[in-house]
Structure formats: structure tokens, C-alpha cells
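I have placed the structure first, in the form of C-alpha cells, so that the comments after it can refer back to it.
The values are calculated or read from the model by the stated rules, or taken from the named source; none is laboratory data. Just so you know, these numbers come straight off a predicted model, no measurement behind them. Glycine gets a Cβ as well: all are built from the backbone with ideal geometry, and neighbour counts include every protein chain shown.
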Amino acid sequence: MKESFIVDKNGFYGDFGGAYVPEILYKCVHDLQDTYLSVIESEEFRKEYHALLKDYAGRPSPLYHARRMSEKYGCRLYLKREDLNHTGSHKINNTIGQILLAKKMGKTRVIAETGAGQHGVATATVCALTGMECEVFMGATDVERQHTNVERMKMLGAKVHPVYTGNMTLSDACSEAIRDWCCHPSDTFYIIGSTLGPHPYPDIVARMQSVISEEIKWQLQEKTGRDYPDYLVACIGGGSNAAGTIYQYIDDERVKIVLAEAGGQGIESGYTAATFHRGTVGILHGSKMYVMQNEDGQIQEAFSISAGLDYPGAGPMHCNMAAKKRSEVLAVNDDEAIRAGYELTRMEGIIPAIESAHAVAALQKMSFKKDDIVVLTISGRGDKDVETYLKNKNLAGEYGNF
Ligand SMILES: *Cc1c(COP(=O)(O)O)cnc(C)c1O
């Protein structure tokens, strides 16, 4: 039988994945494993989920033919505009799905981790929408560099807990959220923001984001007369916008998959978040994946100019696909991402999140035939990053003269 890259019945993707959780969480993780498919495949859930995606989040997100960039890169480039969603990124697709799941499972309290604050805002948003109590864990470093998102979460009624352990970034926020979950396993639902965590989370998040590629399919058919591209391109932190972008094409070998991870200051610099280039197999936050770690298995700090890609691991589905060469992962450095962000801004009038700018920068490292159809996901908008763009204007070449 042909291999599939979707999760198997034991929660594994090849050698990756699983559910490595402390004993106190066994019951709630198993409850979730036993329930999630029947809930999210039910007619009632699907109706509510799709109605909210449409009327609340603003889906479908457009598929936009970027003409000037197409000319520059010598291909037919289409941008999947997740930046136009309510709250500014793809994160809302997932939080809408998980809040409905939490409700169906009778939970009364929601917790979440956040890095750049996009997932925290998306979670606080759906909690306000449904009247659910919400607490968000966020590394103290990120609280400082993503201050506006902290204020947005507070306005939305969430309690934000700065985390002072480790490097005080995303990975530490995850650990702290899991600690809280261990203390309140029965009433609390943990809304994880990416294709990470113990099974079934990576599968839940991938399914909630798969609406991205569902739409790409019919939108491409409408625009090009063909329902599949030659290339799919996305940035990868934990892997959720990438998972959503590729989900409907995962076993379709006509479609090549190229993902951009954060090289930081360079994969050899010691200041990087390039998990696929620098990681080895280990266990982080309940799942087996590539992790940046030292010889003793201590997790290494990840560095990236983008808080959303600043994680020392990567989702198990993507680890398996990269290991089996189904996808290619390119490392994009901070300076390349900044420049690509400016380029998209000036050539198409779209200021992308710095995370998404990593995907744009991947185009320079690829070569195309004139008729190649390329779909690239713009995972979020750059409003939150304007200060960082301005601070790094010197990296923008001719676009920095203003
Ligand atoms: C969170 C975030 C990412 C990274 O997360 P993935 O799970 O890898 O998608 C990328 N882009 C934006 C705009 C984000 O907010």
C-alpha cells in the first residue's frame, strides 16, 4: 500500500509523533483521542465551524495572482491570503475549531501558549466570542517585544501570565501551559496553536487548518483550470499554516512542497531556529520530533527575528515528510526575510508578517519554468512587525531608502 503522510491510528507519523505525557494527563489526553474525530466529523460541528469561518473569520481567504512578483520570479505566483483573516493570521481557523471542541467536551476553562501573541489573540478572541474563561502563557521576552498583542489579549478579557523560566520565549510558554494543564486536567481545555504537542493535537490542528488547501483546490480550478499547483510554499514554525496549505495535496506527488524555516543569523551561527538543519530526534512537549538539543538532551535556545518561528522543534507530520523527502525545507535567514518582506510590500502592496516573509524569501532559492503554478501562503499580516521592519531598514537594499 502506498504510504500516507497522515497520522496513523497510534498517533504516529512514521517514527515521529506519539503522546509522551505525564501520568496525570493520561486521562484527559485519552479522552481527547477517543472523542475528537467523532466530534469534528459530526454534521453539527461542521455546520457551526464553517458558519463561523465564513461569517466571523471572513473566509474564504482570497487566492491572489501576484503579477509583478510572477514576472520577477518567472512563474505563475498565487498568494493565499491568510493575512486577511479576522485577527490577522491563519491562527483563527484553528482556535474556532478547538473552542467548539472544548464546548462539546464540557470544558469551562481555556489555556493557551503564545509566542508572537497571534495564537494568544486568536484564543482570547474565540473565548470572548463564546464566553469562556481564558488564560494565556507567554514568555517574558515575547511579552516585551509583542506588547500590542498583550494589550489586545487583555482587552479581550484574557489573563496573560508572563513566563520567566528558560529563555522566556515560546518553548517555555508551552512548558508552563502544560504544567497548568496538569493541575486542572478535568475542567481545562488546552488550545494548542500549532501542529505540536501530544497526539491528537497535531492531527486536530492540521485538520482545522486544512480549510486552507480545500479552498486552494477550487480557487485554482477557477483561476487556472487545474486544481493543483506545481509548488506549494509556506513558512514553518510548528507547522500549522504549512499543514493547512499542503493537507489536501499531501499524497499527491505532482505537487512539490517547499517550506521555509527560520535560519536566524545563519544555520552555523549558533543563533538559529533551523530545526530541520540543526535538530536531532528527541521529545519535546509530548511529541517525538526534530529538536535542537545538546548532547545531554538539553533543549537549545532558538533564535529568529520572527517570534512566531522561534521554536526549537517542528511538528511530527513535517518531520516525517522531510525525513522521507516528501518536502524540502530551506533555511531563510533574518536578513533575507526582512528584504523579502520589503519586496512584497513594494511590488504587490502587501506588508506580510515577518514569519510569512520567510516563505517569500524562499522564492529566490528556487528555480521555475515559466508555466509553473506556485501557491505561496501569506500566513499573516505585518502590522505587528512594523517596528522590526523599520529597525532593520538597512537590510532592505533599495527598498530601505525612505
Ligand atoms: C504563528 C505564526 C506562524 C508560525 O506557526 P505555524 O504553526 O508554523 O504556522 C507563521 N506565521 C504567522 C503569521 C503566525 O502567526
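Numbers below:
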| item | result |
| --- | --- |
| VAL375 being more than 23 Å from GLY117 (Cα to Cα), within 13 Å of the ligand (Cβ to nearest atom), modelled with pLDDT of 95 or more and not acidic (Asp, Glu) | no |
| Residue list for segment 205-227, filter: in contact (Cβ under 8 Å) with a residue 60 or more places away in the chain and either within 13 Å of the ligand (Cβ to nearest atom) or under 15 Å from LEU77 (Cα atoms) (or both) | VAL205, ALA206, MET208, GLN209, ILE212, ILE216, GLN219, LEU220, LYS223, THR224, ARG226 |
| Of all residues in segment 291-304 being in contact (Cβ under 8 Å) with a residue 60 or more places away in the chain and more than 13 Å from the ligand (Cβ to nearest atom), the one that is nearest to ASP385 (Cα to Cα) | GLU301 |
| Residue among TYR311, TYR290, TYR249 that alone is of a type in the set (Ser, Thr, Tyr), surrounded by fewer than 24 Cβ atoms within 10 Å (Cβ to Cβ) and within 19 Å of the chain's Cα centre (by Cα) | TYR249 |
| So ARG207, is it closer than 26 Å to GLY11 by Cα and either of a type in the set (D, E, K, R) or crowded, with 21+ Cβ neighbours inside 10 Å (or both) | yes |
| Given (1) among the charged types (D, E, K, R); (2) more than 16 Å from the ligand (Cβ to nearest atom); (3) within 29 Å of ASN401 (Cα to Cα), index of the condition ASP334 fails | (2) |
| Test: residue in segment 216-229 that is crowded, with 19+ Cβ neighbours inside 10 Å and under 16 Å from ALA243 (Cβ atoms) | yes |
| Hits in segment 314-340 - residues which are under 15 Å from VAL233 (Cβ atoms), buried (at least 22 other Cβ atoms within 10 Å of the Cβ) and among the small types (Gly, Ala, Ser) | SER327, ALA331, ALA337, ALA340 |
| Qualifying residue in segment 187-197 (condition: part of a loop (DSSP other than H, G, I, E, B) and away from the ligand (no atom under 16 Å from the Cβ)) | yes |
| Within segment 228-250, considering residues that are touching a Cys at 6+ places or on another chain (Cβ under 9 Å) and over 20 Å from GLY264 (Cα atoms), the one farthest from the ligand (Cβ to nearest atom) | ASP230 |
| Test: residue in segment 291-302 that is within 23 Å of ASN94 (Cβ to Cβ), modelled with pLDDT under 95 and in contact with a strand residue (DSSP E or B) (Cβ under 8 Å, 6 or more places away or on another chain) | yes |
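Rundown of residues vs (1) aliphatic (A, V, I, L, M); (2) more than 30 Å from VAL29 (Cα to Cα), yes/no style:
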{"position": "GLN219", "(1), (2)": "no, yes"}
{"position": "THR245", "(1), (2)": "no, no"}
{"position": "ARG254", "(1), (2)": "no, yes"}
{"position": "ALA262", "(1), (2)": "yes, yes"}
